[in-house]
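Some notes on the structure that comes next.
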Ligand SMILES: [Mg+2]
């Protein structure tokens, strides 16, 4: 059931942006891969990752069942070649030697270099070759770039090479959580694919709208607060002073200075613009409400949710501005980011379950 078309996972149905990091098949562990089936499909060369694929990260012993799986493949006439990004080549050679297979340590995956070298060493074509590994951004991406199929395995352990760049580790982890359930077959249950589920689609769209709103919010806030000078005076300060004398009960709450009041006003401008933008996009695009259906009530509900969210956002971010231990600019920046993340959760829940809830019956 794990082959495209048979199960719920079909690489061809993945969004174009994710195809390059999408495997053609996925399994829980390497010994689940049926080598006689691969052989029957014409595969003659299996490329292997080491860490978290053949064995736990950094381990020295290959488990007996994995060893038997490799020997079984060799008996069928399948060749193996390990492609590794390791910085411990002597360990790699020891592992390869003990399995009696070849290993390459060339230009790091996802470069095509090791994949191509392995194919030419073995004299096989792309469709006779398949890659097995646990990392989407190295093993799978490299295979797809080379034009060969890849099998993805859930990583054996969460431990990994410390030098793996933080950003790719975060991306792997997020993708792993998001996609593992999607790649891997579920026994006795025909789940809809991840991207076919309405909530997942809504959530992804909400995040895109939210991300764009955040950029709008952040850049407007910082521009109004720190980026505009009129006759040598910072607009943020001028607005803060004006706000303090006009509405001290609102912008001066907690004994704010003119600069802090200016931040609150700038934040209100940024967040307010972002709210209008996200209402329009979330209504039409994320929650697909068309026409005038219930629009005014949705408008009121949306603004109840978003307005509460905005108050939360302004108070949380000005609170962070006052309590964070960094300098003023960084307190402002980090405060915006933290508050926006918290308020995003509030907003999605409120929009989905309250403002844009479809009428039933
Ligand atoms: Mg690995």
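The values are calculated or read from the model by the stated rules, or taken from the named source; none is laboratory data. What you see is a predicted model; the values in this text were computed from it and never measured. Here the Cβ is made from the backbone with ideal geometry for all residues, glycine too, and neighbour counts use every protein chain on show.
Observations, loosely collected:
- Filter result (in contact (Cβ under 8 Å) with a residue 12 or more places away in the chain and not in a helix (DSSP H, G or I)) within region 257-299: 257, 287, 289, 294
- Flag for residue 202 being assigned by TED's automatic domain parsing to the domain that holds residue 341 and more than 28 Å from the chain's Cα centre (by Cα): no
- Any hit, region 12-35, residues being in a strand (DSSP E or B), closer than 15 Å to residue 133 by Cβ and within 14 Å of the ligand (Cβ to nearest atom): no
The rows are residues; the columns are (1) in contact with a helix residue (DSSP H, G or I) (Cβ under 7 Å, 6 or more places away or on another chain); (2) closer than 21 Å to residue 307 by Cβ.
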| position | (1), (2) |
| --- | --- |
| 206 | yes, yes |
| 220 | yes, yes |
| 223 | no, no |
| 227 | no, no |
| 238 | no, no |
| 248 | no, no |
| 251 | yes, yes |
| 285 | yes, no |
| 288 | no, no |
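So that you can scan it fast, the table gives a plain yes or no per residue for (1) free of Cβ contacts under 8 Å to residues at least 12 places away in the same chain; (2) under 17 Å from residue 153 (Cβ atoms); (3) in the same structural domain as residue 152 (by TED's automatic domain parsing):
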{"site": "59", "(1), (2), (3)": "yes, yes, yes"}
{"site": "69", "(1), (2), (3)": "no, yes, yes"}
{"site": "72", "(1), (2), (3)": "no, no, yes"}
{"site": "96", "(1), (2), (3)": "no, no, yes"}
{"site": "101", "(1), (2), (3)": "no, no, yes"}
{"site": "105", "(1), (2), (3)": "no, no, yes"}
{"site": "108", "(1), (2), (3)": "no, no, yes"}
{"site": "115", "(1), (2), (3)": "no, no, yes"}
{"site": "121", "(1), (2), (3)": "no, no, yes"}
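- The single condition among (1) in contact (Cβ under 8 Å) with a residue 12 or more places away in the chain; (2) surrounded by 14 or more Cβ atoms within 10 Å (Cβ to Cβ); (3) over 19 Å from residue 124 (Cβ atoms) that residue 63 does not meet is (1).
- Some residue of region 101-119 being surrounded by fewer than 17 Cβ atoms within 10 Å (Cβ to Cβ) and within 14 Å of the ligand (Cβ to nearest atom): yes
- Scanning region 344-356 for residues that are within 14 Å of residue 312 (Cβ to Cβ) and surrounded by fewer than 23 Cβ atoms within 10 Å (Cβ to Cβ) turns up 344, 345, 346, 348, 349, 350.
- Members of region 130-147 that are more than 13 Å from residue 48 (Cβ to Cβ) and more than 13 Å from the ligand (Cβ to nearest atom): 144, 145, 146, 147
- When 309, 341, 332 are screened for being loosely packed, with under 13 Cβ neighbours inside 10 Å and closer than 15 Å to residue 271 by Cβ, only 341 passes.
- Only one entry in 73, 97, 42 is away from the ligand (no atom under 16 Å from the Cβ), loosely packed, with under 15 Cβ neighbours inside 10 Å and closer than 19 Å to residue 119 by Cβ, namely 42.
- The residues of region 256-305 that are under 29 Å from the mean Cα position of the chain (by Cα) and within 25 Å of residue 226 (Cα to Cα), listed by number, are 267, 270, 271, 272, 273, 274, 275, 276, 277, 278.
- Residues that are farther than 18 Å from residue 130 by Cβ and either free of Cβ contacts under 8 Å to residues at least 24 places away in the same chain or in contact with a helix residue (DSSP H, G or I) (Cβ under 6 Å, 6 or more places away or on another chain) (or both), drawn from region 76-93: 86, 88, 89, 90, 93
- Matching residues, region 45-67, being more than 16 Å from the ligand (Cβ to nearest atom) and in a helix (DSSP H, G or I): 64, 65, 67
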